[in-house]
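Here the structure comes first, spelled out in structure tokens, and everything after it is commentary.
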Amino acid sequence: MTSPMIKIGIPGAAGRMGRMLIREIAAAPDLELVAATDRSESEALGQDSGLLAGTGTNGVLISDNPETLAGADVLIDFTSPAASIAHAGIAAGQGCAMVVGTTGLSGDDEAALAAAAQSVPLVYCANTSVGVTLLAKLVEQVAAQLVEGWDIEILEAHHHHKVDAPSGTALALGEAAARGRGVRLDNVSDMVRQGQTGARRDGDIGFAVLRGGDVTGEHSVIFFGDSERVEISHKATDRAIFARGALRAARFAASAKAGFYDMNDVLSG
Ligand code: NAD
């Protein structure tokens with residue numbers, strides 16, 4: 001007997017990630033797009049979401065009514081922090097599982113997602129690529145080994161449309177390094193350097209940000225030692241990797257129990 005199709009709802013369907021997700025869903029035999037929304041101000045409202053994504057007509061028109069998402073088994077949300085929180089409320093109220101890939105969430109926003117995850121399965125991950133998930137594990141291990149005399153710096157580059165900095169992935173890599181060192185990132189992060197900064201503090205984890213062109217996403221964690229340097233890097237060349245990872249997370253969420261998950265749970269699930 002064949003398994004039933006998993007019904008997917010995409011808020012932010014007119015966005016860069018929304019359109020990429022719709023393309024990947026069209027190519028997935030086990031997934032069916034049932035709802036696509038965007039903001040009331042979006043010029044894409046009323047358009048066929050498949051045509052907009054470049055896959056041909058799919059009959060799912062882009063709506064500004066978030067209630068249309070309630071018919072989905074899983075919502076995949078790459079929008080904005082405020083929108084993701086609103087959609088998590090809908091998912092929790094309607095019993096839909098959810099994948100949140102939006103970055104730039106505050107601690108309060110994350111607490112709101114965790115609250116929704118008490119009633120539905122919710123995967124939250126600032127980077128849904130398999131490669132970056134493994135990179136974070138490596139960073140944690142290396143940071144635990146390279147302690148005395150080693151300085152950790154995180155460098156990231158993204159396209160010029162990106163609105164938050166450092167990237168959610170850079171912060172997640174910083175968290176991984178801090179975990180490896182047994183410290184809290186809040187206590188050791190150095191995000192901004194300008195003017196008379198004084199010497200670098202031992203144990204700090206520094207961040208540097210580049211923005212320009214069409215860079216999909218590049219991250220390096222650099223361990224500076226005395227006369228040597230270890231660099232661990234990931235370069236994304238196509239956004240499809242994030243969409244494919246998000247679909248993997250959606251399949252996981254569709255059959256998971258209520259709870260708050262990340263990509264490590266998805267890869268080991
Ligand atoms: P984008 O601006 O191209 O798309 C966002 C879309 O969401 C827009 O179409 C916008 O109109 C829509 N939107 C905003 N509020 C909405 C609402 N209330 N209801 C419905 N739609 C709404 O941005 P993007 O490049 O697609 O990125 C979106 C988010 O995903 C960002 O936070 C980005 O950093 C993040 N991102 C995460 C990953 C990952 O691996 N987790 C990868 C890429 C991007």
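All of the numbers you see were taken from the coordinates with simple rules; none came from a lab. The model shown is predicted, which means the values in this text are computed figures rather than measured ones. Neighbour counts are summed over all protein chains in view; Cβ atoms, including those assigned to glycine, are modelled from backbone coordinates with ideal geometry.
Things worth noting here:
- Using 0.36 nm per residue and subtracting the Cα-Cα separation, the extra length available between Arg179 and Val163 on full extension is 3.1 nm.
- Counting only residues at least eight positions apart within a chain, or on another chain, the aspartates and glutamates with an alpha carbon under 16 Å from that of Lys235 are Glu156, Asp214, Glu218.
- Computing FRET efficiency as 1/(1 + (r/R0)^6) for Ser106 and Asp238, where r is the C-beta to C-beta distance and R0 is 41 Å, gives about 0.85.
- Bridging of Lys7 to lysines at a Cα separation below 26 Å is possible for Lys257, once same-chain residues fewer than 8 apart are set aside.
- Charge dipole (debye, nearest 20) of segment 1-62; +1 at Cβ of Lys and Arg, -1 at Cβ of Asp and Glu: 100
- Anisotropy class of segment 130-236 from Cα gyration tensor, a/c 1.5 cut: oblate
- If you run the Gaussian network model on the chain, springs between alpha carbon atoms under 10 Å, then out of Thr216, Thr55, Thr197 the most flexible one is Thr197.
- Measuring between their Cα centroids, segment 237-263 and segment 147-192 lie 23 Å from each other.
- With the helix formula -39500 (n - 2.57) applied to DSSP H stretches of n ≥ 4, the chain reaches a computed 222 nm mean residue ellipticity of -10500 deg cm²/dmol.
- With all pairs of different C-alpha atoms in the average, the Kirkwood value for the hydrodynamic radius of the chain is 19.4 Å.
- Potential lengthening of the chain between Glu41 and Ala82 amounts to 13.2 nm, from the contour at 0.36 nm per residue minus the alpha-carbon distance.
- Mean-position separation - Cα centroids, segment 1-35 and segment 121-144, in angstrom: 24
- Selected from Glu175, Glu140, Glu41 as most flexible by GNM, with the chain as the system and alpha-carbon contacts under 10 Å: Glu41
- Taking a Cβ cut-off of under 10 Å around Thr102, the surrounding Lys, Arg, Asp and Glu residues balance to a net charge of -3, with basic ones at +1 and acidic ones at -1.
- Fraction of beta bridges assigned by DSSP in the chain that are antiparallel (%, nearest 5): 35
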